[in-house]
Amino acid sequence: MVISHHIADGTLHVRILHELHVTDRAAAALQIESLVHAHRPARVTVELPSRSPSPMTFSALARARRMCQSLGIPLAATGPGEQEPLPLFGHEAGVAGPRSMEHGARHDH
């Protein structure tokens with residue numbers, strides 16, 4: 001299992017249980033996507049396993065953000081046990097997204 005989740009007050013709360021690797025990145029992103037499509041929450045929060053996500057964890061988060069953005073669902077990411085969004089995410093049209101991409105992540109031009 002790579003994620004856990006619960007729904008409260010219309011918000012889907014997802015917790016990534018450990019830093020993701022190449023072997024489980026796609027599974028985590030697909031699980032988040034399936035949960036969003038099944039529950040159609042008003043908001044999504046993703047709790048990352050650390051304040052400095054691995055490239056694969058960041059990749060899964062970016063994929064979830066793009067999917068949520070296409071559905072008009074705000075997504076915010078937090079560090080472990082935190083309620084406030086991490087500083088590496090900014091707000092753009094009500095959807096949290098990366099301000100900078102590191103670790104060789106793809107840049108859309």
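Table for the structure above
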| item | result |
| --- | --- |
| All positions within the stretch 47-67 that are closer than 13 Å to ALA29 by Cα and either over 9 Å from the mean Cα position of the chain (by Cα) or open to solvent by 30 Å² or more (accessible area, probe 1.4 Å) (or both) | MET56, SER59, ARG63, ARG65, ARG66, MET67 |
| Hey, VAL44 in contact (Cβ under 8 Å) with a residue 24 or more places away in the chain and open to solvent by less than 40 Å² (accessible area, probe 1.4 Å) or not | yes |
| Count of residues meeting criterion [in a helix (DSSP H, G or I) and surrounded by 14 or more Cβ atoms within 10 Å (Cβ to Cβ)] in the stretch 1-26 | 3 |
| Residue ID - surrounded by the fewest Cβ atoms within 10 Å (Cβ to Cβ), chosen from residues in the stretch 68-81 that are in contact with a Leu (Cβ under 9 Å, 6 or more places away or on another chain) and over 23 Å from SER34 (Cβ atoms) | PRO80 |
| Residue list for the stretch 29-41, filter: in a helix (DSSP H, G or I) and open to solvent by less than 60 Å² (accessible area, probe 1.4 Å) | ALA29, ILE32, GLU33, LEU35, VAL36 |
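Rundown of residues vs (1) under 19 Å from ILE7 (Cα atoms); (2) at pLDDT below 95; (3) out of contact with any His (no Cβ under 8 Å at 6 or more places or on another chain), yes/no style:
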{"site": "SER52", "(1), (2), (3)": "no, yes, yes"}
{"site": "SER70", "(1), (2), (3)": "no, no, yes"}
{"site": "ALA77", "(1), (2), (3)": "yes, yes, yes"}
{"site": "GLY81", "(1), (2), (3)": "yes, yes, yes"}
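The values are calculated or read from the model by the stated rules, or taken from the named source; none is laboratory data. Source: prediction; values computed, not measured. Cβ coordinates were reconstructed from backbone atoms using ideal geometry, including for glycine residues, and neighbour counts include every protein chain displayed. What goes into the accessible areas is simple: the full protein's heavy atoms, side chains included, and nothing from ligands, DNA or RNA. Shrake-Rupley method; radii C 1.70, N 1.55, O 1.52, S 1.80 Å.
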